[in-house]
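Below is one structure, written out as structure tokens, with a few remarks after it.
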Amino acid sequence: MIPYGKQQISQADIDAVTEVLTSDYLTQGPKVPLFESTLAKLCGSQFGIAANSATSALHIACLALNVDSKDIVWTTPITFVASANCALYCGASVDFVDIDIDTGLMSVQALQQKLEQAKKSNTLPLVVIPVHLAGQSCDMKSIKALSLEYGFSIIEDASHAIGGHYQNLPIGNCQYSDITIFSFHPVKIVTCAEGGVALTNNADLAKKMQLYRSHGITSNAQDMDEESHGPWYYQQIALGFNYRMTELQAALGLSQLTCLEAFVAKRNALAQVYDQAFSSSALTSLTTTTDNYSAYHLYIVLLPDSDKEKHKAVITALRNREIFAHVHYIPVHLQPFYKKLGFAAGDFPVAEEYYSRAISLPLYPELTEDEQGYIIKTILELL
Ligand SMILES: *Cc1c(COP(=O)(O)O)cnc(C)c1O
């Protein structure tokens, strides 16, 4: 079976992890801070806070922005459930903004309309979480402009997008957001096995996220609510979690980062082959806008018609032919858990149409020319 995505692990990665195993620190050592500062520098942001997953990073990002039970957080329905769950963890309520069908990204027009209505009904969101689906940035410049007008904070869920550029700058620089999140799950661009990071240019948010990542405990006397008892002393000043990344994960991440540029270049080259092969077919590839250099976490095509049965038949046939096609994503509001919260089919019609047409084809650096040729031939025949 050709998977839709997979990690690429080198001997250097194995050596980096093995070295940590025989070092003094398996956790809370020097590799995690080095990984954080390397990521921040690479992306042009000031602070990096690593966590044991992007989901944890999204949670502490919401906490740092003071999301609580009085608040509303908006994201897109076409994302992994974690982009919405992070707000529910804080007791907040979640709502969604519909997408543009040609990019699969949060629609700025839909966002603007929803904000106008929310202003009238006094239900404006505290935080909006745009998701850089497949590896290309949302229209962050416009979303930032709306945030200034309507007063919300922004978390970029860039789980798909490390190594991508927006307006010629690396995604993660937080020019148009408060916090940016990357995931290091093995299907993503570079991996720590499990892991995530939150990047920010705001020292106060960075400090809060560090605190929430590790039990709400500080050893820094200046941050303590009461006087220190002595050199052994630590103090819990908030309710945090154990969301720490291990030294093994950070060492793997650091080693993987040395290949980031090459991985993304290869993904782009493979995407171009798909683009060309489908350009005169009935399939529509998602559009990449001119201000983006996509990290191409995913290669997504849309079938010509919104026909659930046909969609299922094509994906089933691909899997029967050893091609593990997938769908990114099932609209979050249609998950049974979210339906129980009051969402229903028809709430976000563009996302629902997208879902009935979208197919993710295999894309990862080690995908061979032969394999890609077979995938192209197979899907075109199936149409
Ligand atoms: C993978 C992913 C996450 C969660 O990442 P983990 O590191 O697995 O917690 C969140 N949001 C999006 C869009 C993702 O693709």
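Observations on the model:
- Looking across segment 161-199, the residues that are within 11 Å of the ligand (Cβ to nearest atom) and closer than 24 Å to Pro125 by Cα come down to Ile181, Phe182, Val197.
- Segment 226-270, residues that are out of contact with any helix residue (DSSP H, G or I) (no Cβ under 9 Å at 6 or more places or on another chain) and part of a helix (DSSP H, G or I): Glu261, Ala262, Ala265, Lys266, Asn268, Ala269
- Checking each residue in segment 235-267 for being surrounded by 17 or more Cβ atoms within 10 Å (Cβ to Cβ) and free of Cβ contacts under 8 Å to residues at least 24 places away in the same chain picks out only Gln235.
- For segment 202-239, a residue qualifies if it is within 27 Å of Asn173 (Cβ to Cβ) and either touching a Leu at 6+ places or on another chain (Cβ under 6 Å) or aromatic (Phe, Trp, Tyr) (or both), and exactly one does: Tyr212.
- Subset of segment 154-172 (residues that are in contact (Cβ under 8 Å) with a residue 40 or more places away in the chain, buried (at least 21 other Cβ atoms within 10 Å of the Cβ) and in a loop (DSSP other than H, G, I, E, B)): Ser159, His160, Ala161, Ile162, Gly163, Gly164, Ile171, Gly172
- Just one residue in the set Val301, Val314 is part of a helix (DSSP H, G or I) and in contact with a Leu (Cβ under 7 Å, 6 or more places away or on another chain); that residue is Val314.
Computed from the coordinates by the stated procedures, all read-outs in this text should not be read as laboratory data. All values derive from a computational prediction rather than experimental measurement. Ideal geometry is used to build each Cβ from the backbone, glycine not excepted, and the neighbour counts take in all protein chains shown.
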